[in-house]
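Asks: One structure coming up, written as structure tokens, with questions to follow.
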Amino acid sequence: MEDCLAKKMEITVSEAEKRTGRNAMNMQETYTAYLIETRAVQSQSEGQCAPVDSLWRRYSEFELLRNYLSVTYPHIVVPPLPEKRADFVWHKLSADNMDPDFVERRRIGLENFLLRVASHPVLCQDKIFYSFLTQEGGWKEMVNETGFQLKADSRLKALNATFRVKNPDKRFTELKHYSDELQSVISHLLRVRARVADRLYGVYKVHGNYGRVFSEWSAIEKEMGDGLQSAGHHMDVYAASIDDILEEEEHYADQLKEYLFYAEALRAVCRKHELMQYDLEMAAQDLTSKKQQCEELATGTVRTFSLKGMTSKLFGQETPEQREAKLKVLEEQIQEGEEQLKTKNLEGRDFVKSAWADIERFKEQKNHDLKEALISYAVMQISMCKKGIQVWTNAKECFSKM
């Protein structure tokens, strides 16, 4: 971790700016661009003020970077991007992806994504990632030149592997079930939080009604007027604080959403392992088939029904020269198949070793982050309740002085 990029470079996404331009179809569109600023840490430690480098990136470029990382490092739980459109929001909050509050939260999420990648022991060393941070022009061309899209596995192939793998690794099967459960639990938690936020909003607005009623009441009471006016003021201040409180809650919700999307990153690693296992099993099956054909040719006996066997019966046996030529080709194919199987076995073992090391790193990070976020959320709720108690204590004192 001492060599990670996050230790050598300060990385921030400092601004978000709405822009209008032409897309690939030459149609006008409105989008948000984000300003990435980087500064070398080494110069600062030597007492020099390092210059700040900056460039603008669109959300789609962040998507391209993450897709590249996911394909290039299939054994790594690649950090997710923040949501493109707001989900699990309480009804008073805008779900518009151009809403300033949402854009601000997404800016924080994009910065967090870059810091996650820059802190990862493997991803931080990627040259394309470094270029994303430091090279404004020609970056997309560099990504496309890597040919990463050709390496991407099709969804159909992944689905086929899921159903046809005969000997799945129990650890990855359990990990896939865990990721499904993690996504389900966090989704449920976010839905409950949104419902509670709606109710809380209503409770605070009721306090606003109290404030209005007390203020109106104070106008017709001579002796109790000051006390009612003060109590109404406390109620108004309390009611007005709800918007800031629920906006702060959304930041905690975004921390949960990050791990909601991390669940899909876990499944991506599981899918890649299934594909590798499927290719390995297909290669072993093909090798077994060729060995059987070789044995049948050498002995002249056919163990199983085949179209070739029927053809030889109908049109006569092959000449010794033809059989010898086929036998030679088969032996070469068997030798090649054994080498491929050996290579695939080694690749599979390396993948499992690397993937499991990264999964353990992810689990440690997850436990730390979620514990911290939930404790902070609980502290915020306690503080909010204390303020509510204080408001009614102050109101009680106002009433007692009447």
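The values are calculated or read from the model by the stated rules, or taken from the named source; none is laboratory data. Keep in mind the model is a prediction, meaning the values are calculated, not measured. Here the Cβ positions follow ideal geometry from the backbone for every residue, glycine too, while neighbour counts run over all protein chains shown. Keep in mind that these areas ignore ligands, DNA and RNA; they rest on the heavy atoms of the full protein, side chains included. Shrake-Rupley method; radii C 1.70, N 1.55, O 1.52, S 1.80 Å.
Asks: For Val192, are the conditions met, namely being at pLDDT 90 or above, farther than 30 Å from Trp56 by Cα and open to solvent by less than 90 Å² (accessible area, probe 1.4 Å)?
Replies: Against the criterion (at pLDDT 90 or above, farther than 30 Å from Trp56 by Cα and open to solvent by less than 90 Å² (accessible area, probe 1.4 Å)), Val192 qualifies.
Asks: If I ask for residues that are loosely packed, with under 15 Cβ neighbours inside 10 Å and either in contact with a Ser or Thr (Cβ under 8 Å, 6 or more places away or on another chain) or without any contact (Cβ under 8 Å) to a residue 40 or more places away in the chain (or both), which ones from the stretch 362-380 would you list?
Replies: Those that are loosely packed, with under 15 Cβ neighbours inside 10 Å and either in contact with a Ser or Thr (Cβ under 8 Å, 6 or more places away or on another chain) or without any contact (Cβ under 8 Å) to a residue 40 or more places away in the chain (or both): Lys363, Glu364, Asn367, His368, Lys371, Glu372, Leu374, Ile375, Ala378, Val379.
Asks: Consider Asn167 carefully, then state whether it is out of contact with any strand residue (DSSP E or B) (no Cβ under 7 Å at 6 or more places or on another chain), farther than 19 Å from Pro74 by Cβ and polar (S, T, N, Q).
Replies: Considered against the rule, which asks whether it is out of contact with any strand residue (DSSP E or B) (no Cβ under 7 Å at 6 or more places or on another chain), farther than 19 Å from Pro74 by Cβ and polar (S, T, N, Q), Asn167 comes out as yes.
Asks: Out of the stretch 1-29, which residues are in a strand (DSSP E or B), open to solvent by less than 100 Å² (accessible area, probe 1.4 Å) and at pLDDT 85 or above?
Replies: Met9, Glu10, Ile11, Thr12, Val13, Ser14, Glu15, Ala16, Glu17, Arg19
Asks: Those residues that are among the hydroxyl-bearing types (Ser, Thr, Tyr) and modelled with pLDDT of 60 or more, I need them from the stretch 293-350; list them, please.
Replies: Passing the criteria: Thr299, Thr301, Thr319, Thr343.
Asks: Here's something else I'd like to know. Scan the stretch 172-189 for residues that are touching an Asp or Glu at 6+ places or on another chain (Cβ under 8 Å) and within 26 Å of Glu249 (Cα to Cα) and report the count.
Replies: Adding up the residues that qualify gives 2.
Asks: Within the stretch 106-129, how many residues are out of contact with any Pro (no Cβ under 7 Å at 6 or more places or on another chain), in a helix (DSSP H, G or I) and not acidic (Asp, Glu)?
Replies: Final tally of qualifying residues: 13.
Asks: For Ala268, indicate whether it is open to solvent by 20 Å² or more (accessible area, probe 1.4 Å) and under 30 Å from Ala161 (Cα atoms).
Replies: The answer is yes for Ala268.
Asks: If a residue must be over 17 Å from His188 (Cα atoms) and either open to solvent by less than 30 Å² (accessible area, probe 1.4 Å) or not in a helix (DSSP H, G or I) (or both), how many such residues does the stretch 246-265 contain?
Replies: Matching residues across the stretch 246-265 total 2.
Asks: Report, ordered by the first and then the second residue, all pairs with beta carbons closer than 8 Å, sequence separation of six or more or different chains, a first member in the stretch 98-117 that is closer than 17 Å to Ala86 by Cβ, and a second member that is acidic (Asp, Glu) and not in a helix (DSSP H, G or I).
Replies: Partner pairs satisfying both residue conditions: Phe102/Asp96; Arg106/Glu83; Arg107/Glu15; Gly109/Glu83.
Asks: Which ones in the stretch 148-173 are more than 18 Å from Tyr278 (Cα to Cα) and either open to solvent by 100 Å² or more (accessible area, probe 1.4 Å) or at pLDDT 95 or above (or both)?
Replies: Once the filter is applied, which keeps residues that are more than 18 Å from Tyr278 (Cα to Cα) and either open to solvent by 100 Å² or more (accessible area, probe 1.4 Å) or at pLDDT 95 or above (or both), the stretch 148-173 yields Gln149, Leu150.
Asks: With the structure loaded, tell me whether Glu145 is open to solvent by 70 Å² or more (accessible area, probe 1.4 Å) and in contact with a strand residue (DSSP E or B) (Cβ under 8 Å, 6 or more places away or on another chain) or whether it fails that test.
Replies: It is false that Glu145 is open to solvent by 70 Å² or more (accessible area, probe 1.4 Å) and in contact with a strand residue (DSSP E or B) (Cβ under 8 Å, 6 or more places away or on another chain).
Asks: If you don't mind, another one. Kindly indicate the residue of the stretch 282-291 that is open to solvent by 30 Å² or more (accessible area, probe 1.4 Å) and in contact (Cβ under 8 Å) with a residue 12 or more places away in the chain and also nearest to the chain's Cα centre (by Cα) among those meeting that condition.
Replies: Applying the filter and picking the extreme gives Ala284.
Asks: Kindly indicate whether Lys353 is at negative phi, at pLDDT 90 or above and either open to solvent by 60 Å² or more (accessible area, probe 1.4 Å) or in contact with a Phe, Trp or Tyr (Cβ under 9 Å, 6 or more places away or on another chain) (or both).
Replies: Against the criterion (at negative phi, at pLDDT 90 or above and either open to solvent by 60 Å² or more (accessible area, probe 1.4 Å) or in contact with a Phe, Trp or Tyr (Cβ under 9 Å, 6 or more places away or on another chain) (or both)), Lys353 qualifies.
Asks: Here is a list: Gly211, Gly202, Gly225. Which entry is in contact with an Asp or Glu (Cβ under 6 Å, 6 or more places away or on another chain) and of a type outside the set (D, E, K, R)?
Replies: Gly211
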